[in-house]
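Below is one structure; the comments refer to it alone.
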Amino acid sequence: MTTRTRTRALTAGDTALADFTERLFGHLPRADQRRWARVYLQGLLTTPGKKSVRRLAASVTESPTASQSLQQFINASPWDWNPARTELLRWVEERHPVRSWTIGQVCFPKRGEHSVGVHRRFDPVAGRIVNCQLGFCLFLSLDGMSVPVDWRLALPEAWVTDPVLRRRARISPEAVHQAPEALVLELVDSIAARTSSAHPPVVADLSRLGNAAALIGVLGRRGHDFLVSVPPALPVRAAALAPGGDPARTPGRGGTTAGDFARLGNTSHPYTMPLAGPGARSQRQQQQRIHSALVRVPEGDSAGRGAQQIYRLFGERRPDGRSGGPVWLTNMNRHRMDDLLHLVRGSARSGAVLGSLADEFGLLDFEGRSFPGWHHHMTLMSAAYAYAVAVRERAEPGRRSA
């Protein structure tokens, strides 16, 4: 089946994509902008392989100038992406109950020095220093699936202090250099201000953030329930022994690290978990123990208002006695461990969605260099993924996407 045939099959006699595009991008002032938004969405949904602007245009239209017009729409047109992201948020919320707001982190490998925000940094996934952009995504985690709805791009200080770089990348005046922790908090604040639904827990991987303790404190003071993966070296102190806890297995009460508590926590929860992920064969499943403890985080109490917040910290302990996997910290102390592990699994699904976005929706394929262009692409890519999930659900009722 050719690309053009698949495109026609997607849209012939079906106004769903047109209605979806109008809902998200109807705020654009010109008809041609709304038309190019639909072309870009169609291209992302139907173009196999790399999602360059040229390939997207060629898969949807035979116009020889389409590629140039589409490039102009994405990289140079000054349209605001925030209304589209707000409508995408509301569109998803209307269809599914949201179980958590999950934060994901993405490294975008780049060649050269001209893409906005590009810099050299250590990528723990690749295990080496890479030339890249660093982005953060907020997902709506639903029952069995996650949908990206908002993005932030980290801008190193050089990109916001150099007027030449700012002008070349068309970085908006209000954009400033922010630490990763501040970008995560900005994503949470932004969705909290726009949603009309009750605020679900915030789930995030903070294990590679240098100031995770301060971010934990701010999330708590702003009234958010949260479950976050923290650096194993995070300093914590024992808060109390759980009923029936074994004092001999409790780390020193004078203070130690989150990793120590995850390995020797005073409360043990047995679970049978596959060592090789959801697809592991039953004979490869072994009984795991989730160790947890009540702790305080001294560095997270920046308000200085007396008694520190008590958190539950937990992690997996393998049969050989070694700790394994991330260390999780939550202020939802009264929640059952099953409920907390359900949120952990939702976080893993968001990571799988990032892989799907890279393989099928052009997450890493944006070739433009401007700040608005990056946000335009991320907005349209998120919309394309949400629409594809909805089409799949209509075709296979009861199925939940990864």
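The values are calculated or read from the model by the stated rules, or taken from the named source; none is laboratory data. All values derive from a computational prediction rather than experimental measurement. FYI the Cβ positions are ideal-geometry reconstructions off the backbone, even for glycines, and counts take in every protein chain you see. Only protein heavy atoms, including side chains, enter the accessible area calculation; ligands, DNA and RNA are left aside. Shrake-Rupley method; radii C 1.70, N 1.55, O 1.52, S 1.80 Å.
Descriptive notes on the structure:
- In the stretch 17-41, residue least open to solvent (accessible area, probe 1.4 Å) [restricted to those that are more than 20 Å from VAL391 (Cβ to Cβ) and in a helix (DSSP H, G or I)]: GLN33
- Condition met for ALA238 (crowded, with 17+ Cβ neighbours inside 10 Å, of a type in the set (A, V, I, L, M, F, W, C), at pLDDT below 95 and over 17 Å from the mean Cα position of the chain (by Cα)): yes
- Condition met for ARG120 (within 18 Å of GLY210 (Cβ to Cβ), touching a Leu at 6+ places or on another chain (Cβ under 8 Å) and not aliphatic (A, V, I, L, M)): no
Here is a yes/no grid of residues against (1) under 13 Å from SER382 (Cα atoms); (2) of a type in the set (Lys, Arg); (3) at pLDDT below 95:
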{"site": "LEU41", "(1), (2), (3)": "yes, no, no"}
{"site": "ALA58", "(1), (2), (3)": "no, no, yes"}
{"site": "GLU62", "(1), (2), (3)": "no, no, yes"}
{"site": "SER67", "(1), (2), (3)": "no, no, yes"}
{"site": "ALA76", "(1), (2), (3)": "no, no, yes"}
{"site": "ASN82", "(1), (2), (3)": "yes, no, no"}
{"site": "THR86", "(1), (2), (3)": "yes, no, no"}
{"site": "ARG90", "(1), (2), (3)": "no, yes, no"}
{"site": "GLU93", "(1), (2), (3)": "no, no, no"}
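- Residue count for the stretch 180-199 under the criterion of being among the hydroxyl-bearing types (Ser, Thr, Tyr) and either surrounded by 14 or more Cβ atoms within 10 Å (Cβ to Cβ) or not in a loop (DSSP other than H, G, I, E, B) (or both): the result is 2.
- The residues on offer are SER292, SER370, SER401, SER356, and the sole one that is in contact with a helix residue (DSSP H, G or I) (Cβ under 9 Å, 6 or more places away or on another chain), modelled with pLDDT under 85 and not charged (D, E, K, R) is SER401.
- Scanning the stretch 200-218 for residues that are open to solvent by less than 40 Å² (accessible area, probe 1.4 Å) and outside any loop (DSSP other than H, G, I, E, B) returns VAL202, VAL203, ALA204, ALA212, ALA213, ALA214, LEU215, ILE216, GLY217, VAL218.
- Residue match in the stretch 47-59 (condition: open to solvent by 10 Å² or more (accessible area, probe 1.4 Å), at positive phi and touching a helix residue (DSSP H, G or I) at 6+ places or on another chain (Cβ under 8 Å)): yes
- Residue count for the stretch 148-161 satisfying the condition of being in contact with a His (Cβ under 6 Å, 6 or more places away or on another chain) and not in a helix (DSSP H, G or I): 2.
- Check on LEU364, open to solvent by 10 Å² or more (accessible area, probe 1.4 Å), touching a helix residue (DSSP H, G or I) at 6+ places or on another chain (Cβ under 6 Å) and over 15 Å from VAL92 (Cβ atoms): yes
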